[in-house]
Amino acid sequence: MLPDELPADMFHYQLQALSADKATQLYHYLRDNLAWQQPSIHVFGKWHPIPRLQAYIGDPDSAYEYSKQVFSPMPWPEPLARMRERLNNQLGCKFNAVLVNYYRNGLDSMGWHADDEPELGAQPTIASLSLGALRKFKLRHKHSRVVTDVPLRHGSLLIMKGQSQQHFEHSLPKQRKVTQGRINLTFRHIDASLL
Ligand SMILES: O=C(O)CCC(=O)C(=O)O
Ligand SMILES: [Fe+2]
């Protein structure tokens, strides 16, 4: 399923977590109903608006801090509350927040990073649900620098767990030929006591 160089104890890919119809329905619901924001982040002494839109949703105790900013969670819309419940049951997780990213077309992107903020804990499990346009997700081993491309499909679920964030970074590069939108949801467990 996934390329051999990605350790099975860190990455798992479920091609069809949602049927195509359900995934399309959820895509349209989120695109049209979430309160999208485009915050600026501080990089090398300058503020830049992120090259995508985002919405942060979670329980009241799940404030999330990155790039020196605190993101307060918005309440769960019903379809995402159901999805969270399902993933918690299926994976035995305690997700209390989801970061939703909306890439309006192939010019929107996300740079290299690891999801290694302290409030995620040492070995976080992150469940990444993709909806809409097929985009290339890249994983780069921090030590060997080997890059692996994983096309994330409409309705698919990528689980990152164990030491994945310690050993790998990931990114979603621009793809100029992509004209359609994509929405990605990363379900997370935020422990505010680790901040
Ligand atoms: O859009 C994606 O597939 C990646 C999103 C991501 O890396 C994140 O939200 O931290
Ligand atoms: Fe990430």
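Neighbours of E65 by Cβ distance under 9 Å: Lys/Arg scored +1, Asp/Glu scored -1, total -1. When D191, D32 are compared by accessible surface with a 1.4 Å probe, the order from highest to lowest is D32, D191. Taking θ as phi - 60° and the Karplus parameters 6.51, -1.76 and 1.60, the scalar couplings of the stretch 105-113 work out to 6, x, 7, 7, 7, 9, x, 4, 6 Hz in sequence order, x denoting glycine and proline. Only Lys, Arg, Asp and Glu carry charge here, each on its Cβ (+1 for the first two, -1 for the last two); on that basis the stretch 12-80 has a dipole of about 380 debye about its Cα centre. Of the whole protein surface, K94 contributes about 150 Å² of accessible area at a 1.4 Å probe radius.
Expressed per residue, the C-alpha convex hull volume of the stretch 103-195 stands at 93 Å³. Sorted largest first by accessible area at a 1.4 angstrom probe radius, with every protein chain in place, the residues T186, T24 fall in the order T24, T186. Mean projected area of the Cα convex hull of the chain, taken over all directions, amounts to 10.8 nm².
S193 versus S72, label points 7 Å from Cα toward the beta carbon: distance in nm? Once both label points are built, they end up 2.4 nm from each other.
Taking D61, D4 and ordering them by how much accessible surface each has at a 1.4 Å probe, largest first, produces D4, D61.
Rounded to the nearest 20 Debye, what is the dipole magnitude of the chain about its Cα centre when Lys and Arg each give +1 and Asp and Glu each give -1 at the C-beta?
The calculated dipole for the chain is roughly 820 debye.
Its relative contact order, with pairs defined as Cα atoms under 8 Å and 6+ residues apart, puts the chain at 29 percent.
Accessible area per residue for the stretch 1-85, computed on protein heavy atoms with a 1.4 Å probe, is 60 Å². Phi angles of the stretch 72-81 translate, via the Karplus equation with coefficients 6.51, -1.76, 1.60 and θ = phi - 60°, into HN-Hα couplings of 8, x, 8, x, 6, x, 3, x, 7, 4 Hz per residue; Gly and Pro are given as x.
Ranking Q16, N96, H154 by how far each Cα lies toward the positive end of the dipole of the chain (charges on Cβ) leaves H154 at the top. In plain terms, the chain from F44 to Q166 could stretch by 41.6 nm, reckoned as 0.36 nm per residue minus the Cα-Cα distance. Using heavy atoms of the protein chains and a probe of 1.4 Å, the accessible area assigned to M10 is about 20 Å². Applied to the stretch 60-65, the Karplus parametrisation 6.51 cos²θ - 1.76 cosθ + 1.60 on θ = phi - 60° returns per-residue 3J(HN,Hα) values of x, 8, 10, 4, 10, 10 Hz, with x for Gly and Pro.
Protection proxy ranking of 33-43, 63-73, by the mean of other Cβ atoms within 10 Å over each peptide's residues and highest first, is 63-73, 33-43.
The values are calculated or read from the model by the stated rules, or taken from the named source; none is laboratory data. Please read all numbers here as calculations on a predicted model, not as lab measurements. Virtual Cβ from ideal backbone geometry, glycine too; neighbours counted across all protein chains shown. Side chains are part of the model used for accessible areas, which takes the heavy atoms of the whole protein and leaves out ligands, DNA and RNA. Shrake-Rupley method; radii C 1.70, N 1.55, O 1.52, S 1.80 Å.
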